[in-house]
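So the structure is just underneath, and the comments pick up after that.
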Amino acid sequence: MKVRIKVIGFDADDTLWDNQPHFDAVIAEFTALLRPYCSETAAHEFIHRLQVENLPLYGFGAKSLTLSMTQAACRLSHYQIGAADIERIIRLGRKLLAMPVKLLDSAEDVVRRLKEKYTLILITKGDLLDQKRKLRESGLEKYFHHIEILCDKQVEDYRELFDRLRLQPEEFVMVGNSLKSDIIPVLELNAHAVYIPYPATWQHENVDNYDPNHQNFVQVDKLADLLPILR
Ligand SMILES: [Mg+2]
């Protein structure tokens, strides 16, 4: 990693704390609820398609998933689903909004040590209120110089952020678990990226068109591996 790095951007969900397993568990409960109407595989495929279709209107996060699950339940049951089951679906979504925030391996130690040398920025996407709650409960807020909760993490979103915060791309490294959201757009802007894969990834975040040999790209196994690279 280049020695010129001054600012580190951290993704939050599934980089600093676990998130996707909670969503996967809720979706599994949802597809089980729809068993009287369709196979779990069909329900799974449908809810995924609907979530992606609804992204431009609803964005990411638990409330967006709740709306999509409700819509999917109506359609998949051919409008036979009862009000009690609709309420169960809403409760599934509410469960996500109350999920406990569990930090990944040595998250706090790593950010505390990196803060001694770098300016740290948290860059996450999703539901504003819920992301703020998770950050508060994580106890990590105090380590970040700036918190950015975006609607999406595409090239233009990062470009705007770099301009607004007057960040030089060559002095910035983004750390995250999503190639699509944390790595590829940042590399496109000539910044640096450290990819830390997480076992559960939402299929919408999967990509195969990236260059693992890119000169500004590094892949590591866990957060603690950042320390030897960036110290
Ligand atoms: Mg993430």
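The values are calculated or read from the model by the stated rules, or taken from the named source; none is laboratory data. All values derive from a computational prediction rather than experimental measurement. With ideal geometry, Cβ positions are generated from the backbone for all residues, glycine too; neighbour counts draw on all protein chains shown. Only protein heavy atoms, including side chains, enter the accessible area calculation; ligands, DNA and RNA are left aside. Shrake-Rupley method; radii C 1.70, N 1.55, O 1.52, S 1.80 Å.
Given a Förster radius of 41 Å and the C-beta distance between THR41 and ASN190 as r, what FRET efficiency does 1/(1 + (r/R0)^6) yield to the nearest 0.05? The partial results should precede the final answer.
Values: r = 42 Å, r/R0 = 1.02.
That gives a FRET efficiency of 0.45.
For SER106 and HIS48 in one chain, what is 0.36 nm times their gap in residues minus the Cα-Cα distance, to one decimal in nm? Mind dumping the intermediate values first?
Values: separation 58, 0.36 × 58 = 20.88 nm, distance 3.18 nm.
Result for the pair: 17.7 nm of gain on full extension.
Just the number please: accessible area per residue for the chain, 1.4 Å probe, all protein chains included, in Å². Kindly include the intermediate steps, with their values, before the conclusion.
Numbers: 11570 Å² over 231 residues.
Per residue, the chain has an accessible area of 50 Å².
DSSP H helices in the chain with Cα extent of 24 Å or more along the helix axis and mean Kyte-Doolittle hydropathy at least -0.5?
Correct list, ordered by number: 40-58.
Using a simple charge model, +1 on the beta-carbon of Lys and Arg, -1 on the beta-carbon of Asp and Glu, nothing else, what dipole does region 20-97 show about its Cα centre, in debye to the nearest 20?
That gives a dipole near 200 debye.
How much solvent-accessible surface does GLU160 expose, in Å² to the nearest 10, with a 1.4 Å probe and all protein chains in place?
Accessible area of GLU160: about 110 Å².
Quick one: pull the percent of accessible area on the chain belonging to carbon and sulfur, 1.4 Å probe, ligands and nucleic acids left out.
The value for the chain is 50 percent carbon and sulfur by accessible area.
For GLU87 and GLN154, what does the FRET efficiency come to when R0 = 35 Å and r is the distance between their Cβ atoms, rounded to the nearest 0.05?
Working: r = 35 Å, r/R0 = 1.01.
Calculated transfer efficiency: 0.50.
For region 20-97, what does the alpha-carbon gyration tensor say about shape, rounded, prolate or oblate, given a ≥ b ≥ c as the root eigenvalues, a/c under 1.5 as rounded, and a/b over b/c as prolate? Walk me through the numbers before you get to the answer.
Details: a/c = 1.41, a/b = 1.28, b/c = 1.10.
It comes out rounded by the Cα gyration axes.
Can you list, bin by bin at 10 Å, the percent of alpha carbon pairs in the chain, starting at 0?
Cα pair-distance distribution for the chain, in percent: 7, 32, 32, 18, 8, 2, 0.
Which distance in nm do the two modelled labels at TYR79 and GLU137 give, with both placed 7 Å along the Cα-to-Cβ direction?
3.7
Per residue, what volume in Å³ does the Cα convex hull of region 168-231 take up?
With only Cα atoms used, region 168-231 gives 81 Å³ per residue.
Would you rank VAL26, VAL101 by solvent-accessible area, highest first, keeping every protein chain in place and using a 1.4 Å probe?
VAL101, VAL26
Using a 1.4 angstrom probe on the protein heavy atoms only, line up ASP152, ASP163, ASP14 by accessible area, largest first.
ASP163, ASP152, ASP14
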